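The values are calculated or read from the model by the stated rules, or taken from the named source; none is laboratory data. None of these values were measured; they are calculated from a predicted model. Glycine gets a Cβ as well: all are built from the backbone with ideal geometry, and neighbour counts include every protein chain shown. The accessibility values were calculated without ligands, DNA or RNA, using every heavy atom of the protein model including side chains. Shrake-Rupley method; radii C 1.70, N 1.55, O 1.52, S 1.80 Å.
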Amino acid sequence: GARAAGTAAGQAVVDAGNCSVAKAAEVASKAAVKAAKASGLPPHQAAEAAAAAAVKCATRAALVAEAFPTVAEVARQLDMKIMIDLRDEMHRRHMTADDLERRGDHDRNDLLTPGELKDVFSSVGVDVHDDTLRDVFHEMDKDGNGRICFPEFLETLEQRHSATQDAGRVAAAVAGKVMGQAAAESGDDPEQAGEVAGSAAAKAAKDAQLTEEHAAECTV
C-alpha cells in the first residue's frame with residue numbers, strides 16, 4: 001500500500017547514508033502520497049499513509065548507527081507520562097531502604113537484575129518482554145555481571161526518547177507540508193489544502209506519541 005511504499009523509499013535513503021531526519025521524512029511522505037494517488041485513495045487515507053511513513057523513517061534516521069538499538073526501540077514506544085513516571089521511580093529509589101525494596105530493587109542499590117528492571121517497568125504500567133530485557137542487558141551490562149545501573153539506563157532511555165520525539169516533530173511538520181502541497185497541486189483551495197495538511201501533521205504527531213504541546217506546535 002501507500003504506507004509501505006513510503007516507508008520503503010524513506011528507509012532506502014536512510015540506509016544509503018548521510019540522510020537527515022527531515023530528508024527521510026520528506027522522501028517517505030512524497031512516496032506515500034504518490035502511491036496513494038496512483039491507488040486512488042481519498043485524502044484522509046493518503047494523509048495517514050504519509051504521516052505513518054514519515055514518522056517511521058524519521059525515527060530510523062534519528063537512530064541510525066545507534067549504539068543501544070534495543071533501548072532506543074523501547075524508548076520509541078514510551079509516551080512522556082511513562083518517562084516522567086520512570087524518572088520519579090528513580091528518585092524514589094534514593095529515599096529509603098524500605099522504598100528500594102518495595103519498588104523492586106531487592107538488593108537496595110542502583111544496580112538492577114533483569115527481574116528487578118522488569119518490576120520497575122511493571123510499576124509504571126509497562127510490560128516488557130523477557131527477550132527485550134535480555135537484549136537491553138546485552139547492550140548495557142558493560143562488565144557482564146548481570147546487572148545494570150538504573151540511573152545510567154534511565155539517562156540512556158531519556159536521550160533516545162528525546163531523539164525520537166524530535167524526529168516525530170520533524171516528521172509531523174514535513175508530512176503536513178507535503179500533504180498540503182499535494183492537495184494544492186490537485187486543485188484544492190487553500191482552506192481545503194490546510195485541512196489536509198493539518199490532518200497529516202496531527203496523525204504523525206499521534207503516531208510519534210508527541211506531547212500535547214509539541215503536537216499543537218506541529219498542527220497550527
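Assuming a strict under-14 Å limit between Cα atoms, what lysine pair count do you get for the chain once near-sequence pairs (fewer than 8 apart, same chain) are dropped? Spell out each step's value before the answer.
Numbers: Lys23/Lys56; Lys23/Lys177; Lys30/Lys56; Lys30/Lys177; Lys56/Lys203; Lys56/Lys206; Lys177/Lys203.
Taking the chain as the scope, the lysine pair count is 7.
Just the projected area, averaged over all directions, of the convex hull on the alpha carbon atoms of region 129-168: how many nm²? It would help to have the intermediate numbers written out before the result.
Values: hull surface 13.1 nm².
Averaged projected hull area, Cα only: 3.3 nm².
With the other protein chains left in place, how much accessible area per residue, in square angstrom, belongs to region 8-55 at a 1.4 angstrom probe?
For region 8-55, the solvent-accessible area averages 47 Å² per residue.
Using 7 Å Cα-to-Cβ label points, what is the Val64/Arg87 separation (nm, one decimal)?
3.0 nm
Between Ala16 and Lys142, how many nm apart are label points set 7 Å from Cα along the C-beta direction?
For Ala16 paired with Lys142, the spin-label model returns 3.8 nm.
So what is the 222 nm mean residue ellipticity for the chain from helices alone, if each DSSP H run of at least 4 adds -39500 (n - 2.57) and you divide by all residues, rounding to the nearest 500 deg cm²/dmol?
Helices in the chain give a 222 nm mean residue ellipticity of -24500 deg cm²/dmol.
At a 1.4 Å probe, what is the % contribution of carbon and sulfur to the accessible area of the chain?
Numbers: 5630 of 11060 Å².
Roughly 51 percent, rounded to a whole number.
With log10 I(q)/I(0) by the Debye sum over Cα atoms at q = 0.19 Å⁻¹ defined as stated, name the option among [x] -1.19; [y] -1.55; [z] -1.76 computed from the structure displayed.
[x]
Expressed as a rounded percentage, what relative contact order does the chain have, with Cα pairs under 8 Å and six or more residues apart?
The value is 25 percent.
Between Asp119 and Asp79, what's the calculated FRET efficiency when r is the beta-carbon distance and R0 is 22 Å? Round to 0.05.
Details: r = 20 Å, r/R0 = 0.92.
FRET efficiency, Asp119 to Asp79: 0.60.
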